[in-house]
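To start, the structure itself, in structure tokens.
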Amino acid sequence: MSLVVVADTSPINYLLETGYVELLPRLYGQVILPTAVHSELSDRGSSDAVRQWASALPAWITVQKPTASPQLLSGLHRGEMDAIALAEELHAGLVLMDDAAGVRYALERGLTITGTLGVLVEAAQNGWVQIDAALSKLKGTDFRATPGLYERARQLAFAKPPIPPRRTQE
């Protein structure tokens, strides 16, 4: 696949926690993690399963440091800033990110975004997951979303024709 996809920590973490991380290569082929994101996934604060996955990355994951690591902005973490910087540097077609402040900043920079819910919706649109089961698993984690957002994801999963759950500059 030719789509360059850069991921922040949160979508990788929640897709691992719910057992859906293998949807990423099916949907996008290769996924690039900034070095800072890989470090966050490897950190002691991550679950054992996430740390174990980060210690033996699958072949479809590439870890790359952005050429220029931008200064942190208020409300953003190093992983988010580096994901945005790397996405800009590589002219990524998609950034996987959940954090609202990071998403807003990425959208302001002209990037296309989807998050954990978007990945699950796209997989459901392809018939690879049952959206209600996937959302139920996600609700069993500490993922934060409003009931309305979960309902919107469910609606998008059944949209005909499929509507890609991606956000661009508003």
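The values are calculated or read from the model by the stated rules, or taken from the named source; none is laboratory data. Note that this is a predicted model, so its numbers are computed, not measured. Cβ placement follows ideal geometry from the backbone for every residue including glycine, while neighbour counts extend to all protein chains displayed.
Values computed for the structure shown
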| item | result |
| --- | --- |
| Pairs where the first residue, in segment 54-77, is modelled with pLDDT under 95 and the second is of a type in the set (Val, Ile, Thr), C-beta under 7 Å, 6+ apart | 65/35 |
| Residue tally, condition under 14 Å from residue 134 (Cβ atoms) and not in a loop (DSSP other than H, G, I, E, B), over segment 156-170 | 2 |
| Qualifying positions in segment 32-73 - of a type in the set (Gly, Ala, Ser) and exposed (fewer than 12 other Cβ atoms within 10 Å of the Cβ) | 45, 55, 56, 59, 68 |
| Failed item, numbered, when residue 105 is tested on (1) in a helix (DSSP H, G or I); (2) without any contact (Cβ under 8 Å) to a residue 24 or more places away in the chain | (2) |
| Members of segment 83-118 found to be touching an Asp or Glu at 6+ places or on another chain (Cβ under 9 Å), charged (D, E, K, R) and either within 16 Å of residue 13 (Cβ to Cβ) or buried (at least 17 other Cβ atoms within 10 Å of the Cβ) (or both), listed by number | 98, 99 |
| Within segment 119-155, tally of residues that are touching a Gly at 6+ places or on another chain (Cβ under 9 Å) and surrounded by 20 or more Cβ atoms within 10 Å (Cβ to Cβ) | 1 |
| Where a residue in segment 143-170 is within 20 Å of residue 106 (Cα to Cα) and its partner, wherever it lies, is in a helix (DSSP H, G or I) and of a type in the set (A, V, I, L, M, F, W, C), with Cβ under 6 Å and at least six apart | 165/121; 165/156; 169/107 |
